[in-house]
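J.: This is the structure, below, for whatever I ask next.
The values are calculated or read from the model by the stated rules, or taken from the named source; none is laboratory data. Since the model is a prediction, treat every value here as computed from it, not as a measurement. Every residue, glycine as well, gets a Cβ built from its backbone with ideal geometry; the counts of neighbours run over all protein chains shown.
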Amino acid sequence: MIEKTDKIWMDGKLVAWDDAKVHVLTHSLHYGLAIFEGIRCYNCKKGPAIFRLNEHVKRFFDSAHIFNMEIPHSREEITEAILKTVKANRMKECYIRPLAYIGYGVMGVSSAGSSINVSIAVWPWGAYLGEDGLKNGIRAKTSSFIRGHVNSNMSMAKVSGYYVNSQLAKQEAVALGYDEAILLDTEGYVSEATGANIFIVRGGVIKTTPLTSILEGITRNTIMELAKESGYEVREERFTRDEVYIADEAFLTGTAAEVTPVKELDGRTVGQGKPGPVTKKLQDAFFQAVKGKSRKHERWLSYL
Ligand code: PPE
């Protein structure tokens, strides 16, 4: 169960958690078009800081732009509202969920004339795929469900409706005893997990899915930068599921998932069946950066 916090920001005002309600005829609830972000605030040495806030706010507005949704606030206002909501809840570490949705007013697929509403909620969220998964790696299954065609899913946008596909994949994987699903794209190449991007390491080279069928993860970008700084070659290149089977290492990246090693795919161990040296090094560099322990990456932090 989600742990309640104090206040939720709704359309410009902080309201009590229990009062943050919408009407059942809210358009987005019926037709699935709402755009959102997932952001984390970490308790750093110098106090709580939000990781890559500007990039998340930018993607929030980009998602809205792709779907012709006019957010009735500026980027600066949303940035301020996020900081204000975290502060109002006196959170040192939390997950932050900005959401822009089509409100109450019209029904039918066309939402012309309806309001666009915005909310920002925060709550404590630990390791997305469990503490053990974060430390020792997870078991994944290639899904029988595939990611949508690039002209069906505008995957650069982070849209609520896409997560019905993720839920099908997650339900199937969990029912079969796995921790997570890896979805393929319409061509049969590896795409991403249900709520995270994927990387593999093979012969010292790091590969991640190119920007076609995936969400352009901010953690993905962070890991690519950290890997390059450590001298690794990073390729954004398509790869197949059997390349994951024979990879030396594999891991998932996401705001919620952070850097989660993949120890098994479809019953085949990946590498040694435990987090490999490159994964561990990048995971370590990631936590140094988000927790304010790396001066070089302070630029990624917005202190409260
Ligand atoms: N792909 C998908 C499909 C995805 O949902 C996420 C984030 C990513 C990649 C990684 O993006 P980024 O967080 O910018 O590195 N998924 C969010 C929601 C997860 C959820 O279950 O809710 C998240 O991690 O916040």
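J.: Among the candidates 163, 128, which residue alone is within 12 Å of the ligand (Cβ to nearest atom), closer than 30 Å to residue 101 by Cβ, among the aromatic types (Phe, Trp, Tyr) and part of a loop (DSSP other than H, G, I, E, B)?
T.: 128
J.: Taking the range 214-267 as the region of interest, how many residues are within 13 Å of the ligand (Cβ to nearest atom) and either at pLDDT below 95 or closer than 18 Å to residue 133 by Cα (or both)?
T.: Adding up the residues that qualify gives 11.
Conditions (1) in a loop (DSSP other than H, G, I, E, B); (2) hydroxyl-bearing (Ser, Thr, Tyr); (3) farther than 15 Å from residue 93 by Cα, marked per residue:
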| position | (1), (2), (3) |
| --- | --- |
| 5 | yes, yes, no |
| 22 | yes, no, yes |
| 25 | yes, no, yes |
| 28 | no, yes, yes |
| 65 | no, no, yes |
| 72 | yes, no, yes |
| 78 | no, no, yes |
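J.: Pick out the one residue from 2, 35 that is touching a Leu at 6+ places or on another chain (Cβ under 8 Å) and either buried (at least 18 other Cβ atoms within 10 Å of the Cβ) or at pLDDT below 95 (or both). Steps first, answer last, please.
T.: Numbers: 2 fails: touching a Leu at 6+ places or on another chain (Cβ under 8 Å).
The match here is 35.
To keep it simple, each residue is scored yes or no on (1) surrounded by fewer than 20 Cβ atoms within 10 Å (Cβ to Cβ); (2) modelled with pLDDT of 95 or more; (3) among the hydroxyl-bearing types (Ser, Thr, Tyr); (4) within 16 Å of the ligand (Cβ to nearest atom).
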{"residue": "90", "(1), (2), (3), (4)": "yes, yes, no, no"}
{"residue": "99", "(1), (2), (3), (4)": "yes, yes, no, yes"}
{"residue": "133", "(1), (2), (3), (4)": "no, yes, no, yes"}
{"residue": "140", "(1), (2), (3), (4)": "no, yes, no, yes"}
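J.: Moving on to the next point. Can you tell me which residues in the range 37-51 are part of a strand (DSSP E or B) and within 16 Å of the ligand (Cβ to nearest atom)?
T.: 39, 40, 41, 42, 50, 51
J.: List pairs: first in the range 271-284 and at positive phi, second in a helix (DSSP H, G or I), Cβ under 9 Å, 6+ apart or cross-chain?
T.: From the range 271-284, the pairs are 271/279.
J.: Residue 283 - would you say it is more than 16 Å from residue 141 (Cα to Cα) and surrounded by fewer than 21 Cβ atoms within 10 Å (Cβ to Cβ)?
T.: When the stated conditions are applied, residue 283 does not pass them.
J.: Going by the structure shown, is residue 15 surrounded by fewer than 16 Cβ atoms within 10 Å (Cβ to Cβ), more than 14 Å from the ligand (Cβ to nearest atom) and assigned to a strand (DSSP E or B)? Talk me through it step by step, then tell me what you get.
T.: Working: surrounded by fewer than 16 Cβ atoms within 10 Å (Cβ to Cβ): yes; more than 14 Å from the ligand (Cβ to nearest atom): yes; assigned to a strand (DSSP E or B): yes.
Criteria met by residue 15.
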